[in-house]
Amino acid sequence: MNKSQVVEIIINIMKTNNIIKGEVSINEEGSLSKEYGVNSLHVIQLIVGIEEQFNLEFNDTELMMANFDTISCIADVVLKQLSSIAD
């Protein structure tokens, strides 16, 4: 799975869980909190959705807000997790 596929899945999770509403043009480098109004509860919903979708569990050290500031950052963490599962 490549980064663009992971980004697409993350965006779908966000839309399905009403974290981002409507047909907003989403920039994967844009700050979720500043540009899209995502709050800490939304981030928790997103983490749970990602863990369920990708069948993985984030380590405590990965659950820093900096890792969840942009969709691109989140995709990088997910890809790292997927890579470690495959090894």
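The values are calculated or read from the model by the stated rules, or taken from the named source; none is laboratory data. Since the model is a prediction, treat every value here as computed from it, not as a measurement. For neighbour counting, all protein chains shown are included, and Cβ atoms are generated from backbone atoms with ideal geometry for every residue, glycine included.
A few remarks follow.
- Subset of the range 13-35 (residues that are of a type in the set (A, V, I, L, M) and part of a helix (DSSP H, G or I)): I13, M14, L32
- Conditions (1) more than 13 Å from the chain's Cα centre (by Cα); (2) among the acidic types (D, E); (3) surrounded by 18 or more Cβ atoms within 10 Å (Cβ to Cβ); number of the one not met by E35: (3)
- Any chance D76 is among the charged types (D, E, K, R) and at pLDDT below 95: no
- If only residues of the range 1-32 that are loosely packed, with under 12 Cβ neighbours inside 10 Å and of a type in the set (D, E, K, R) are counted, the one that is farthest from N55 (Cα to Cα) is E23.
- Selected residue (criterion: surrounded by the fewest Cβ atoms within 10 Å (Cβ to Cβ)) from residues of the range 38-87 that are among the charged types (D, E, K, R) and part of a loop (DSSP other than H, G, I, E, B): D87
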